[in-house]
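A short worksheet on the structure shown next.
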């Protein structure tokens, strides 16, 4: 059983494998932190900086994230079913992670005279980031049991916050001391930060790529890839048609679709709020995000312990309540100090709600369909996040107010809670095991 670090609890799972799995959170969190600071700043202050593009950068950022989430949500179930059929989640994880990392490096090298090429590479990297999570999450049920799943999931997010925070520290040093190493302009410093993002993501993905292995046997042997793709589409359709056999999973996915939309939009668009409403500079915003990264680590650990002691659903209810309060309070934020204080509270519950949600989903998932059902987890979480970011960008485009855009997300949160709050986790586990 887990204590202060991930320890093997499931049969034939080594501690090294658990650490390798968690290290992918460390790797991909460089994208999470540097995209909302370095990449966001590069798009707004370099690529779309002229008066001609006045609000274009904000809209490209919001709608680009929305498009990538929507595409990843659509592709994840089919790709997940394909990965299950071949028992090669590791291969898919490697392909999506390394492609995303290379896209970020290519973006940094693309001249600003080609803004729509930069936009396409941004969307590709974001798409690969989201897609990779389906295969990464698909390993969790294979590596844990019901006693260790909450803690291992929390450790993944916790290491992610540390890794993301350290990568942000390096990026901040590039901004601060760039001229001393030949990076004389803001554009050059931001490009160096984007290269850092890609390299960090690729290098620290290697432990997971090299050490993880699919434990479930291939579900299809001796078939061509084309037939597996067709079979994957049919399997996804069959799963949708027969999802009534797992009513608790269905309820959770439906509720998660709404409340996660609110949470993910807040996380991805907080930089727009800080920049437009409170006049944060890129360096000031990076400092806030750095604080959030390190405060989020004990927050994720604390919520993991609450889930172990009081149950995952009670921990999830606590997170829902705190997020509702945060969205109301955000409307009244008028100073940078108030934003800093709000950021502390966000940090404490940001990783918690993600970690517990992943844990609940894993407990509701049939073990032999881990990647496929985690694909549906992405489908539920990402396709409608397109709507959240689309509406956010639309409100900013029409009114110029990120404040109004933020508070509108409270409705999505309440709808999600009303649905997901009805699930019975014990019954859901029985349904997943076929009892």
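Coordinate-derived values only; no laboratory data. Computed from a predicted model, the values in this text were never measured in an experiment. Neighbour counts are summed over all protein chains in view; Cβ atoms, including those assigned to glycine, are modelled from backbone coordinates with ideal geometry.
What's the Cα-based Rg to Rh of the range 101-220, Rh via Kirkwood?
Details: Rg = 17.9 Å, Rh = 16.7 Å.
Rounded to two decimals, Rg/Rh equals 1.07.
If you work out P(r) over Cα pairs in 10 Å bins from 0, in percent from the coordinates, which of (1) 4, 20, 31, 25, 14, 5, 0; (2) 5, 22, 34, 26, 11, 2, 0; (3) 3, 12, 12, 10, 9, 8, 7, 6, 5, 5, 5, 5, 4, 3, 2, 2, 1, 1, 0, 0, 0 do you get? Derived directly from the coordinates: (2). Exposure proxy ranking for 396, 112, based on other Cβ atoms within 10 angstrom of each Cβ and starting from the fewest, stands as 112, 396. Put in order of Cβ neighbour count within 10 Å, fewest first, the listed residues 25, 214 become 214, 25. Net length available on complete extension from residue 177 to residue 302 is 41.4 nm, with 0.36 nm assigned per residue and the Cα-Cα distance removed.
Inter-label distance, residue 429 to residue 332: 4.1 nm, where each label sits 7 Å from its Cα along the C-beta direction. Footprinting exposure proxy ranking of 334, 265, fewest other C-beta atoms within 10 angstrom first, gives 334, 265.
Our compactness index for the range 41-157, the C-alpha radius of gyration over the empirical 2.2 N^0.38 Å, is 1.29. Straightening the chain between residue 267 and residue 418 buys 52.2 nm, computed as 0.36 nm per residue apart minus the Cα-Cα spacing.
Using only DSSP helix segments of four residues or longer, with each worth -39500 (n - 2.57), what per-residue ellipticity at 222 nm results for the chain after dividing by its residue count and rounding to 500? Can you show the working numbers first?
Working: 17 runs with 334 residues, N = 435.
Computed ellipticity for the chain at 222 nm equals -26500 deg cm²/dmol.
Can you tell me the orientation of helix 312-330 relative to the chain, as the angle in degrees between its alpha-carbon axis and the longest Cα principal axis, to the nearest 10? Taking Cα atoms only, the helix is inclined about 20 degrees.
Helix 282-310 and the longest principal axis of the C-alpha atoms of the chain enclose an angle of approximately 20°.
Just want to confirm a number: the relative contact order over the chain, from Cα pairs under 8 angstrom separated by 6+ residues, in percent. Spell out each step's value before the answer.
Details: 739 pairs, mean separation 130.7, N = 435.
In percent, rounded to a whole number, it is 30.
On a 0 to 90° scale, report how tilted helix 336-363 is relative to the longest principal axis of the chain, with both axes built from alpha carbons and the result rounded to the nearest 10. Orientation of helix 336-363: about 20 degrees from the principal axis.
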